[in-house]
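Novice: Below: one structure in structure tokens.
The values are calculated or read from the model by the stated rules, or taken from the named source; none is laboratory data. Here the structure is a predicted model, which means the values were calculated and not measured. Cβ placement follows ideal geometry from the backbone for every residue including glycine, while neighbour counts extend to all protein chains displayed.
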Amino acid sequence: MPPALSATGLEKRYGSVHALRGVDIEVGEGQLVGLLGPNGAGKSTLVKIACGLVRPTGGHAQVLGHPAGSLAARSGLGYLPELFRYPDWANGDEVLHLHQRLSGSRGGSAERRELLELVGLADVGDRKVEEMSKGMQQRLGLAQALIGEPKLLLLDEPTSALDPAGRIAVRALLEELRRRGIAVLLNSHLLSEVELVCDHVVIIAKGATVASGTPADLARQSGVEIETAAGVRKFAQATRDDVPRIVAELVAAGEQIYDVTVVRSTLEEVYLEAIAGSQP
């Protein structure tokens, strides 16, 4: 099986503006990949190229083994833009019905019911968009993106309008999509969300990749903290392998040990360091 999304040496110029500078990215089957970067980094341009809305200046991108923008590629992906708007007078079921017709889906009412249930809107399918909260509209957008059983989802800030409970529900949905083998490219500013659900993270700045890897790989170890009766002792240069020796030395010195923590940098710290390193 080809990757759900594969981009190699992706470049894009808008006149004198170099939006992408040779970006490589791959999203495998059932993989959740987080795309991070500051405003103007090139994230939206990358997503639009994957959708076929923008043509690259250099490099190439494929969706499910087909050139991005081709009919075969477009039929295999679902897309939820950050700024979306549905007709206020339409209800949830009608919005999905419209997008079924636009996409050529033959799932009918059964597909609409299943998707509304999947995103937690089963009881409000007849409610008009203008009567829905922003969070409900966001979940309706997720249902729309899943019409036609796509193998790749491109999600742009899918939790931006949700409260904490709504974000938890979306995380559960993303985990269910992973279980079904649906790949997701998640463009988000919420680093905590990306760290919790994504298998892989790509950080771009000024159109170039500045860091890439699993959240665990990117989060470097940064010392050991040991709680003793006298307080927390910090060993900034220590590693996990140093813990038995340090604990033994403290105990031999008469210290009482209550807790040991191997400190790791957070994704936020890694992100800020990577972005800072890209500045002139």
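Novice: How many of the residues making up the stretch 163-189 are among the basic types (Lys, Arg) and either exposed (fewer than 14 other Cβ atoms within 10 Å of the Cβ) or not in a helix (DSSP H, G or I) (or both)?
Specialist: Within the stretch 163-189, residues that are among the basic types (Lys, Arg) and either exposed (fewer than 14 other Cβ atoms within 10 Å of the Cβ) or not in a helix (DSSP H, G or I) (or both) number 2.
Novice: Here is a check on your reading of the model: is Ser192 assigned to a helix (DSSP H, G or I) and modelled with pLDDT under 90?
Specialist: yes
Novice: Find the residue count for the stretch 69-85, including only residues that are in contact (Cβ under 8 Å) with a residue 40 or more places away in the chain and either over 19 Å from the mean Cα position of the chain (by Cα) or more than 23 Å from Glu195 (Cα to Cα) (or both).
Specialist: Count: 4.
Novice: In this structure, does Leu102 turn out to be modelled with pLDDT under 95 and touching an Asp or Glu at 6+ places or on another chain (Cβ under 8 Å)?
Specialist: Considered against the rule, which asks whether it is modelled with pLDDT under 95 and touching an Asp or Glu at 6+ places or on another chain (Cβ under 8 Å), Leu102 comes out as no.
Novice: Which residue out of Ala248, Ala219 is touching a helix residue (DSSP H, G or I) at 6+ places or on another chain (Cβ under 7 Å) and of a type outside the set (S, T, N, Q)?
Specialist: One residue alone meets the criteria, Ala219.
Novice: Only one of these conditions is not met by His66: (1) without any contact (Cβ under 8 Å) to a residue 12 or more places away in the chain; (2) surrounded by 15 or more Cβ atoms within 10 Å (Cβ to Cβ); (3) under 29 Å from Leu272 (Cα atoms). Which number is it?
Specialist: (3)
Novice: List the pairs whose first member sits in the stretch 255-279 and is at pLDDT 80 or above, whose second member is basic (Lys, Arg), and whose Cβ atoms are under 6 Å apart, counting only residues at least 6 apart or on separate chains?
Specialist: Val262/Arg240
Novice: Can you list the helices (runs of 4 or more DSSP H) lying wholly within the stretch 1-119 that have 3 or more residues being over 19 Å from Arg139 (Cα atoms) and in contact with a Gly (Cβ under 6 Å, 6 or more places away or on another chain)?
Specialist: It comes to none.
Novice: Go through Gly120, Gly141 for me and flag whichever is under 25 Å from Ala72 (Cβ atoms) and not polar (S, T, N, Q).
Specialist: One residue alone meets the criteria, Gly141.
Novice: Take the residues of the stretch 161-189 that are out of contact with any helix residue (DSSP H, G or I) (no Cβ under 8 Å at 6 or more places or on another chain) and not small (Gly, Ala, Ser): which is farthest from Thr8 (Cα to Cα)?
Specialist: Pro164
Novice: Of the conditions (1) over 26 Å from Ser6 (Cα atoms); (2) outside any helix (DSSP H, G or I), Gly135 fails just one. Which one is it?
Specialist: (2)
Novice: Identify all residues within the stretch 190-199 that are surrounded by fewer than 19 Cβ atoms within 10 Å (Cβ to Cβ) and either of a type in the set (Ser, Thr, Tyr) or touching a residue at least 40 places away in the same chain (Cβ under 8 Å) (or both); write none if there are none.
Specialist: Of everything in the stretch 190-199, those that are surrounded by fewer than 19 Cβ atoms within 10 Å (Cβ to Cβ) and either of a type in the set (Ser, Thr, Tyr) or touching a residue at least 40 places away in the same chain (Cβ under 8 Å) (or both) turn out to be Ser192, Asp199.
Novice: Here's something else I'd like to know. Tell me which strands (runs of 3 or more DSSP E) are completely within the stretch 196-253 and hold 1 or more residues being within 26 Å of Gly22 (Cα to Cα) and modelled with pLDDT of 90 or more, or say none if there are none.
Specialist: So the answer is 200-205, 208-213.
Novice: To continue, here is another question. Got a sec? Which of Leu191, Leu218, Leu250, Leu272 is within 15 Å of the chain's Cα centre (by Cα) and either in the same structural domain as Tyr14 (by TED's automatic domain parsing) or of a type in the set (A, V, I, L, M) (or both)?
Specialist: Going through Leu191, Leu218, Leu250, Leu272 in turn, just one is within 15 Å of the chain's Cα centre (by Cα) and either in the same structural domain as Tyr14 (by TED's automatic domain parsing) or of a type in the set (A, V, I, L, M) (or both): Leu191.
Novice: Condition test on Gly34, is it in contact with a Cys (Cβ under 9 Å, 6 or more places away or on another chain), touching a residue at least 12 places away in the same chain (Cβ under 8 Å), crowded, with 18+ Cβ neighbours inside 10 Å and under 28 Å from Ala276 (Cβ atoms)?
Specialist: yes
Novice: Could you tell me how many of the residues in the stretch 138-161 are farther than 15 Å from Phe84 by Cβ and either assigned to a loop (DSSP other than H, G, I, E, B) or outside the structural domain of Arg74 (by TED's automatic domain parsing) (or both)?
Specialist: 4
Novice: Considering only residues that are among the basic types (Lys, Arg) and crowded, with 19+ Cβ neighbours inside 10 Å, which ones fall in the stretch 1-20?
Specialist: Passing the criteria: only Lys12.
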